[in-house]
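Report on the following structure.
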Amino acid sequence: MSLVYRNENPLFVHSAKNILDINGIDSFLKNEHGSTMGPEFGSSNLLELWVSNSDDCNKALSLIENESKKQAIKPSWLCGECKEENEGNFELCWNCQSNRGGL
Ligand SMILES: [Zn+2]
């Protein structure tokens, strides 16, 4: 068993598990209902994602990393020229092609 992911936001951990499920990697969650042990036991209350088979660890890590890059939410921005709203991954205004830096 190997720990592959841990986050204070359970949503991220659940979505990471979903990715592993889709890719056929056997995984399970720890601390799903909160740990009953305190910090004196060296455990955290963060939700953890583990893979059952340590051989899947590297594959799981890269899947999660790729997915978290894809899902990285970039804030949308307003064009300084035409005031149109642009998606965060646009570098140029879709409307007037102004550079994003021109705010
Ligand atoms: Zn514009």
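The values are calculated or read from the model by the stated rules, or taken from the named source; none is laboratory data. The structure presented is a predicted model; accordingly, all values stated were derived computationally and were not measured. Areas reflect the complete protein model, heavy atoms only, side chains present, ligands, DNA and RNA absent. Shrake-Rupley method; radii C 1.70, N 1.55, O 1.52, S 1.80 Å.
Here's how it looks for Ser27: its modeled amide H is under 5 Å from those of Ser52, which are all 5 or more places away or on a different chain. Backbone amide hydrogens, once placed in the peptide plane, bring Leu47 within less than 5 Å of Asn7, excluding anything fewer than 5 places away on its chain. The lysines within cross-link reach of Lys59, meaning a Cα-to-Cα straight distance under 19 Å and a gap of 8 or more places when in the same chain, are Lys17, Lys69, Lys70. For Glu32, the solvent-accessible surface with a 1.4 Å probe is about 100 Å², rounded to the nearest 10.
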